[in-house]
Structures are given as structure tokens and as C-alpha cells.
1. I need the full set of residues from region 1-44 which are among the small types (G, A, S), loosely packed, with under 15 Cβ neighbours inside 10 Å and in a helix (DSSP H, G or I), in order please.
2. If you take the residues of region 341-391 that are among the charged types (D, E, K, R) and not in a helix (DSSP H, G or I), which of them is farthest from D292 (Cα to Cα)?
3. Would you mention how many residues in region 144-167 are in a loop (DSSP other than H, G, I, E, B) and either outside the structural domain of A193 (by TED's automatic domain parsing) or touching a helix residue (DSSP H, G or I) at 6+ places or on another chain (Cβ under 7 Å) (or both)?
4. Looking at region 305-322, which of the residues that are in contact with a helix residue (DSSP H, G or I) (Cβ under 9 Å, 6 or more places away or on another chain) and surrounded by fewer than 17 Cβ atoms within 10 Å (Cβ to Cβ) is nearest to D344 (Cα to Cα)?
5. For region 521-536, state whether one or more residues are in contact (Cβ under 8 Å) with a residue 40 or more places away in the chain and under 23 Å from V222 (Cβ atoms).
6. Would you mind stating whether I103 is of a type in the set (A, V, I, L, M), surrounded by 24 or more Cβ atoms within 10 Å (Cβ to Cβ) and more than 23 Å from the chain's Cα centre (by Cα)?
7. Being acidic (D, E) and touching a residue at least 24 places away in the same chain (Cβ under 8 Å), is that true of even one residue in region 218-238?
8. Give me the helices (runs of 4 or more DSSP H) completely within region 517-620, filtered to those with at least 1 residues that are more than 30 Å from E410 (Cα to Cα) and among the aliphatic types (A, V, I, L, M), ordered by residue number.
Amino acid sequence: MSERKDATEATRAAHAATTQRLPPDDGHDFELARRGFIATIPDAAVPGAWSMAPFAFLEDERPETVNPSLWRQAKLNALHGLFKVTEGVYQVRGFDLSNITFIEGDRGFVVIDPLISAEPAAAALKLMREHRGDKPVTAVIYTHSHVDHYGGIRGVVAPDDIAAGLQIVAPQGFLEAAVSENVLVGNAMGRRATYMYGALLPRDGKGHVDAGLGKTVSTGSVSLVPPTISVCETGTRLTLDGVEIVFQVTPDTEAPAEMNFFFPKLRALCMAENCTCHLHNLYTPRGAQVRDAKAWSFYIDEALELFGAETQVMFASHHWPRWGAGEVAGFLKKQRDLYKFVHDQTLRMANQGLNATEIGERLRLPPTLEAEWHTRGYYGTLNHNAKAVYQRYLGWFDGNPANLHRHPPEAAGRRYVDLAGGPEALLAKARTAYEAGDYRWVAELTSHLVFADPDNMAARELEADALEQMGYQAESGPWRAFYLTGAMELRNPRPPSAAPRQGAAGQLRALPADQLLDALSVRLNGETAGAAEMAFTLLFEDTGEQFAVRVENAVLHHRPGGGGPEARLKRATLIGLVIGETTLAAAQAEGAVSGPGAAELAQLLPLLDRFDFWFEIVAP
């Protein structure tokens, strides 16, 4: 296996060209990111969950293996600790991918977005208490339905607090979005997320340096506590622990359920994740439904109209705040126009007959937006966001009938290899392209050969070399991580497994019963099910819910109520049976499954797939 390579001359030249195109750096962002610093803990280290220590290399000179613009963003995202935003508002940044914010109330702290996992959230609260008083958490606000904004809640509130009715505020539709967005294709999303966030990469100048949105994701204990208050309308006013808050509901923006809010007495505006210090994703490469760029822009403009005149400081769920009415308004206007520009110009070119790939290649920001650091593609990119807008309106098909029913990768690969004159002829052409610095073409050519013959190590090595240079050149943290993870897996094939290597079952355990059955329906193997028919009732003893379950035409249906013989069990038992933690015979022997419907359940379980988390991505 080959070692990781140095930057080529073509990559060094690309970096030099990037440097010439970057806005002037007057250090203002670093001033903003450091403003209000109070204290931190060494390396922001939280045992078993988080540490900035592996990123100490960012204190050195930029290596030629990192895009100069991404390197700057990585240094900004490496700043960590407790910061005062304004009187009564504090943030801990750099303890996870996202920020946790504390609002001082009459009795204690209102927490906004308790990070991904409990351990970093607890460390952040401890730091806050050390410097602002040992006070209780009196309420929690989830700005939106992504896990980096709710998963660490048990690090800031105790079970007794939850049982006592602690107020947890979230936008309307939060719970449904939080538990369902990543469930039906959760295995695929989770696997792709290992690429997007560089989870498997070394932390160094040839590996993971930054995710653009933040450093990376924490690895502690994740949980979900349902909200007690849903904000349904813009203009809703709540008082939490003596703190008055005015809410703006912003559905289908950065998340399906999201909200901004304003603190009138503090003159502080929280823009959730709708405004961050870069171009965000309209489509996230880990996979998700495409976001609505038009709505996103509209809600930023509405926030300006509703709160702009009174706002003196703006903070968000990632990155650093902005201070002063003029700077806040200028930032919001350009963020607003960034998403509207991508939306409108993509549709303009689509109406001229260009397809998504062609639009992605052509789209460029106007000079006024290109002059800003906070519009750069550290997370989203113009290229893939343009394709997202096209997909939202026109779908995957570009209208060319040649693309209506193309061969799948393995079949196409064999044909391309034959067209090139065989493996050696294809590799010769790819090596010539590599020497010319045409790494995109090298990756395309060699990928055909890898899918035609995954054991061809010369093809794997050359594709890895090309992806690696593309990663070194990428300004986007996720693009870099995708390229470098692909290169790593091409060079180091994972041994096949006799059984599915299942991911964590956490997503299943968090689901309400009806959504759990939805998730099981996509596990039903239609080929195996064939013409099988069955009908029975599942009674969940822990919730008292019952569902009529039936299989016909290779489809799993369920609805509330009874229908057929009854199988009685708890949700956790069903999950254990599905993922193989226990067997039906063992569960029946322990009394965990009972009733005559267990016979039908025994017929159903073998028809449900167990997904392999470590499925191949860069090979068949």
C-alpha cells in the first residue's frame, strides 16, 4: 500500500491561484472570534468525547497539502472557550461542532443548543458555572432539529429536572424532523457522514483539518428529550426565567424545523444556523432532502425587518458573533442575498437549457459577495448548491434521453475499460492526465476500472492519488474529507465480513412506536418476502400502544389498533430482535414476548434486513 503523498506542483499552483483570489485579510474575523474571551480548559479536552489537542498542528505554518482559505477557517474554528457575547449572553465555542449559549435569567441559565453529546455539554456548563455562578439550568431552547443542537441535553439537565417539567422550547415540527430526517436512510447517511466529517482521517496537514462549520463532531453520549413547548407562529413571545424572547419560525431553511429569536431587553438576535460565517449547504453531501434557498433568503430578510432596527449583537449556533447595528445588518443582507443569488441564477440558467453539472461549473458570485469571507464555500459550495437548487425544481434527470436509463457503475465500468483498450491502456491515459494535473479526469477514468475490477490495485492507487490532490485543493471541509477518506479506503480495502457490521441502534431506540414501524418497513427485503402474507397485532407493553401489522405484496403496513393474533412485547425487545441482540426463542423464554401473534412475528423477523454500516462507497 502506498503512503500519503505530498502536494504536487499542480496543487501548489492551485493554492497560489486561490491566494490571489481571496479577500484581503485585515484580521477582523479573528478579532470577532476572540472578543469577549473569559476562560477555557486545556485543549477543550473532554475525555472520551472531544479534544482540540490533535489540532495543535494548526499553530504551525500552513502545509502545501491544505487550501489556504480552509486553513484560515480552521484556525478560526480552533479558538475555544467561554466568551461573553453581551450582558447576560455567553457562549462556549470549540467544545463541539456547534456552539452552546447561556442566557442569564432571574434564577439560573437558559441554555440554547446543548451540543451533540452530553459530556462536552456538561464541560461547557461547568465552565460557565465556574465564572458566572453555580446556578441551575432553568430552561432549554433547541434552535432546530439537527443532532448537534439537541443531542447533549442530558449533560445540562438531570432526569429529575425533566420529570419536574423543565421547559424545553423548540420550533413546531421539531420532534418529527429530529427523529425521522435521518432514520429511513439512517444507515446510508451515517456511513456517508464518516466521509463528510473525516471521522476516519488522521488529524494533520494531510488529513482532517476542519469541517468548515466547526472543527468536527464529538463522540459522547447522544440523547433526545422531547420539547415541552412548540413555537408555531412568528411573533410568539415567551418569558423564560424572567427573560423575554420573541420568536421567528423559519421552516424549510437550514433544517425542516428551525427558528430565530430576539431578546428585546438584551437587543440580541439569535440566527440559529440560518446565518453562519460561510456558505452553508443547500444539499448536504452526507445526504438529506434538499433545502429551500428561496425560503432561506426570505426568512433572513424577514428577520432584518422584524428585529434589525433594535439589534446590537447577533450570534448563531456556529462560529462567532457580530456586534453593532451596521455590521449586523450588513452581514444579514449579504447572507440573505447569497442564498437568493444561488437560487435565482441556477433557475435562470436552467431556463436557458443548462443542466445541473453545467450550471455548477458556470456559477460565480458577484464581486460584492465574493469580497466577503463569510460567503465562501467552507461547508457548502457554489457547485453542489447549484445542483441542489436544480434538483429541488427539476429532479435528477437532465432531460437528455441518453441519461434516462444509464448502466449502473459496474456494468458501465466494464464497458469503459473495454472502450479504452483494456486496463493497461486506461491506466496509461490516466497517468498522463495525472502528470498534467487533471485530477478530476483521473478519478473518473480510474473509478470505472475500480468498479470493473476492484482488485486492480494499480487503479485503486492512482485514483487515490488523484482524490488526494483534489482533497488538498478543496476549500470546503466536507469536500476535502470526502476526497481524502475515499483515497484512504481505496488504498486500504476493508476486509469483507461474513455478517453485517451494524451501526449503532440509537436512532431506532429514540423512535416513537409508529415511526419505529416505519423504519422497519424499509428493512423488509422484497425479494425474500415475495408472495408471503401475514397479519397480526403488536402490543407494546411499555406504552400501551397497539398496531395492526400486515405484510402483503412485499410491503409492510401498520396502523393503530388491532388486527389478527396479538404479540405482546416492549419496543426495546422488538429492536433487540431486529438487530440481533436477542432471538425470539430467548425472548419468549424470558417472558419478553408472549401471545399467539409471536408465530407471525417469527415469520416476519427473517424477512427484515440487518444493514451493514461499512458498505463500500468507492468500490462495488
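1. A13, A16, A17
2. Within region 341-391, the subset among the charged types (D, E, K, R) is 344, 348, 358, 361-362, 364, 370, 372, 376, 387.
Next cut, not in a helix (DSSP H, G or I) only: 364, 372, 376.
Working: R364: 20, E372: 23, R376: 19 Å.
Across region 341-391, the extreme among qualifying residues is E372.
3. Applying the first criterion (in a loop (DSSP other than H, G, I, E, B)) to region 144-167 yields 145-146, 150-152, 156-158, 164-166.
Subset that is either outside the structural domain of A193 (by TED's automatic domain parsing) or touching a helix residue (DSSP H, G or I) at 6+ places or on another chain (Cβ under 7 Å) (or both): 145, 150, 152, 156.
The number of residues fulfilling the criteria is 4.
4. Within region 305-322, the first condition is being in contact with a helix residue (DSSP H, G or I) (Cβ under 9 Å, 6 or more places away or on another chain), and the residues that meet it are 308-314, 317-322.
From what is left, the residues that are surrounded by fewer than 17 Cβ atoms within 10 Å (Cβ to Cβ) are 309-310, 312.
Working: A309: 28, E310: 30, Q312: 31 Å.
The qualifying residue nearest to D344 (Cα to Cα) is A309.
5. Going through region 521-536, the residues in contact (Cβ under 8 Å) with a residue 40 or more places away in the chain turn out to be 522-525, 528-529, 532, 534-536.
Restricting the remaining residues to those that are under 23 Å from V222 (Cβ atoms) gives 522-523.
For region 521-536, residues in contact (Cβ under 8 Å) with a residue 40 or more places away in the chain and under 23 Å from V222 (Cβ atoms): present.
6. Working: of a type in the set (A, V, I, L, M): yes; surrounded by 24 or more Cβ atoms within 10 Å (Cβ to Cβ): yes; more than 23 Å from the chain's Cα centre (by Cα): yes.
Against the criterion (of a type in the set (A, V, I, L, M), surrounded by 24 or more Cβ atoms within 10 Å (Cβ to Cβ) and more than 23 Å from the chain's Cα centre (by Cα)), I103 qualifies.
7. Applying the first criterion (acidic (D, E)) to region 218-238 yields 233.
Next cut, touching a residue at least 24 places away in the same chain (Cβ under 8 Å) only: none.
Scanning region 218-238 turns up no residue that is acidic (D, E) and touching a residue at least 24 places away in the same chain (Cβ under 8 Å).
8. Numbers: elements: 526-529, 571-579, 584-589, 598-604.
By residue number, 571-579, 584-589, 598-604.
The values are calculated or read from the model by the stated rules, or taken from the named source; none is laboratory data. What you are looking at is a predicted structure, and each value in this text was computed from that prediction instead of being measured. As a convention, Cβ positions derive from the backbone with ideal geometry for all residues, glycine included, and neighbour counts pool all protein chains shown.
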